[in-house]
Structures are given as structure tokens and as C-alpha cells.
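The values are calculated or read from the model by the stated rules, or taken from the named source; none is laboratory data. Just so it is clear, the structure is predicted and the values come from calculations on it, not from any experiment. All Cβ positions, even for glycine, are placed from backbone atoms using ideal geometry, and neighbour counts span all protein chains on display. SASA here: full protein model, heavy atoms, side chains in, ligands and nucleic acids out. Shrake-Rupley method; radii C 1.70, N 1.55, O 1.52, S 1.80 Å.
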Amino acid sequence: MPPKRSSSNNAAAGSADRPVINALLILGALGWGVSVLVDRGRLTWPPVALLGGLSTLAGCLALVGPIILSRSGAKDGSLGELVWLTGGLLVWLFDLAGVIQGQTRSINWTTPLGDRAMGLSILAVVLAGWRCGLAARNWSWTNVTGWALGLFWVGMAAASWLLAPPTGLAGLVAR
């Protein structure tokens with residue numbers, strides 16, 4: 001009769017699989033993002049639409065964020081993880097709203113929100129989380145990934161104002 005496995009052995013085996021599954025989720029998300037870019041003809045050399053491509057990849061990473069973070073089982077999170085979770089939930093919820101409205105053919109699955117809406121939403125989460133004391137120095141990969149995504153989204157929101165052609169009264173003054 002084989003020896004019984006204790007629950008601590010089962011927990012150790014489950015935690016050993018966690019990094020592999022997380023890596024597969026990340027690679028799958030990035031692979032899907034690259035396939036979306038290739039399918040739309042937006043992956044070219046030289047990269048003409050580099051920020052748009054990066055935005056698609058960030059949206060794909062956002063989609064797997066809630067799955068990865070819910071699997072961790074940690075009760076206390078960091079600000080980067082909160083940003084990644086919020087960004088992912090925003091993408092999931094806007095995708096779900098598009099499906100409910102019957103817009104499955106026209107929805108942009110990876111970036112359903114515009115750059116400004118996503119960036120300003122994430123900026124609000126960062127400011128609120130900072131104020132609540134979540135900005136501790138935690139160098140876990142999930143925290144760093146969340147901060148990188150958050151800085152990218154906020155930067156894209158700022159760039160959408162700075163790089164947009166002038167309109168209205170400002171456009172008349174610039175002429």
C-alpha cells in the first residue's frame with residue numbers, strides 16, 4: 001500500500017505549479033496580443049504604431065491579471081497589484097458589456113476603453129491607493145508588473161492630450 005501524502009505535501013506541489021501556470025498565462029496573453037497585432041496588420045517594421053501595439057499587449061496582460069492575482073491567495077496586496085487587478089477588471093467588464101449589447105464583432109477585446117479613460121481610471125486608483133497607504137516597497141513581480149502597466153496607461157492618457165492635434169480655439173491660435 002503506498003504511503004499517504006500529507007496535506008502539506010499537496011500544498012507544496014500546488015505551490016510549485018503556480019509559477020509555471022503563471023508563466024503560461026503571461027506567455028499566452030502576450031502571444032494572443034502579438035497574434036492580434038499580426039491579424040490587424042499593425043506589426044510592421046519599422047514600428048509605425050508602436051504605442052498602439054504596446055497598448056494592445058498591455059490590454060492582454062490586463063486580461064490575465066485578475067486570474068493570476070486571484071490564484072495567489074494573498075489577502076494583503078500592494079498598490080501595483082491593485083492597479084493590475086483594476087485594469088484587468090475594467091477590460092473584462094467592458095468586454096462583458098459589449099457582449100451583452102451584442103457588439104461581439106465590433107468590440108476591441110484587448111482595449112475596450114480609450115487611452116484617456118483607462119489612464120485616468122488607473123490614475124484615480126493610484127492616487128486613492130497611495131492615500132490609503134498601499135504604496136509600500138514590495139518588489140514582487142506582480143507588484144512591479146502592476147506599476148509598469150499603471151505607468152504605461154497614465155502615460156498614454158497624458159500623451160493623448162500632448163500629442164493630439166490642436167482643436168477648437170487652441171487650433172485657431174496655433175494657425
Under Stokes-Einstein, segment 42-147 at 4 °C and 1.567 mPa s, with its Kirkwood radius over C-alpha pairs, diffuses with a coefficient in µm²/s of 88 µm²/s
Residue separation between SER160 and TRP141 times 0.36 nm, minus their alpha-carbon distance, gives in nm 4.0 nm
Quick tally, 1.4 Å probe accessible area for ASP17, ASP95, sorted with the most first, runs ASP17, ASP95
Nearest-0.05 FRET efficiency for ARG116 and ARG40 at R0 = 25 Å, using Cβ-Cβ distance, is 0.70
Length gained, TRP130-ALA49, 0.36 nm per residue minus C-alpha separation, equals 25.9 nm
Toy charge model, Lys and Arg Cβ at +1, Asp and Glu Cβ at -1: segment 60-126 dipole around Cα centroid in debye, rounded to 20, equals 100 debye
